[in-house]
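Scroll down for the structure; my scribbles are underneath it.
The values are calculated or read from the model by the stated rules, or taken from the named source; none is laboratory data. Since this is a predicted model, take the numbers as computed values, not measurements. All Cβ positions, glycine included, derive from the backbone under ideal geometry; neighbour counts span all protein chains shown.
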Amino acid sequence: MRMIFVNLPVADLARAKAFYGGLGLEFDEQFSDERTASVVISEQIVVMLLTRDRFADFVPGAVGDPAAATTQLNGLSVDSREEADDMLARALASGGKPLQPAQDHGFMYGTSFTDPDGHVWETIWMDPSAVQ
């Protein structure tokens with residue numbers, strides 16, 4: 001089984017933890033400390049929030065600023081249109097910002113937002129019968 005680890009530099013770890021906790025996600029304290037937080041999205045997907053100085057330990061050169069320019073789009077599947085809307089509402093209530101208007105293509109629906117640091121997240125629902 002493969003896993004994905006999304007590593008995100010954050011300016012304020014406490015603020016980032018409050019945001020991701022507000023989305024209803026849980027933390028794995030075994031892989032968290034004063035400069036990192038391990039956010040469990042699923043058994044196969046983990047987001048590592050790292051203070052900017054800790055993130056810099058892993059990359060050569062400067063750490064980019066996602067608030068200044070979009071550096072990535074993280075797409076996360078959801079089970080329904082309602083879950084996409086709910087995730088957006090929780091993101092906004094937890095300090096996130098809306099990115100684009102909801103996209104409704106009939107068989108596919110999605111919302112998008114940024115976390116407090118500017119990292120972009122999209123929620124995507126697709127009618128299962130459309131992919132058969």
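Structure summary
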| quantity | calculated |
| --- | --- |
| Count - residues of the stretch 1-29 that are over 14 Å from V47 (Cα atoms) and polar (S, T, N, Q) | 0 |
| Out of D117, D86, sole residue that is more than 22 Å from R2 (Cβ to Cβ), without any contact (Cβ under 8 Å) to a residue 40 or more places away in the chain and outside the structural domain of L13 (by TED's automatic domain parsing) | D86 |
| Flag if P128 is free of Cβ contacts under 8 Å to residues at least 12 places away in the same chain and not basic (K, R) | yes |
| Residues that are without any contact (Cβ under 8 Å) to a residue 40 or more places away in the chain, surrounded by fewer than 14 Cβ atoms within 10 Å (Cβ to Cβ) and either within 20 Å of R90 (Cα to Cα) or of a type in the set (V, I, T) (or both), drawn from the stretch 1-35 | A14, E26 |
| Breaking point among (1) surrounded by 17 or more Cβ atoms within 10 Å (Cβ to Cβ); (2) out of contact with any His (no Cβ under 9 Å at 6 or more places or on another chain); (3) modelled with pLDDT under 95, for L73 | (1) |
| Qualifying strands (runs of 3 or more DSSP E) (wholly inside the stretch 1-117; at least 2 residues being touching a strand residue (DSSP E or B) at 6+ places or on another chain (Cβ under 9 Å) and more than 30 Å from P128 (Cβ to Cβ)) | 4-10, 36-40, 45-51 |
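Residue-by-condition table, conditions (1) surrounded by fewer than 17 Cβ atoms within 10 Å (Cβ to Cβ); (2) among the hydrophobic types (A, V, I, L, M, F, W, C); (3) within 23 Å of V10 (Cβ to Cβ):
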{"residue": "A37", "(1), (2), (3)": "no, yes, yes"}
{"residue": "G61", "(1), (2), (3)": "yes, no, yes"}
{"residue": "Q103", "(1), (2), (3)": "yes, no, no"}
{"residue": "G110", "(1), (2), (3)": "no, no, no"}
{"residue": "G118", "(1), (2), (3)": "no, no, yes"}
{"residue": "P128", "(1), (2), (3)": "yes, no, no"}
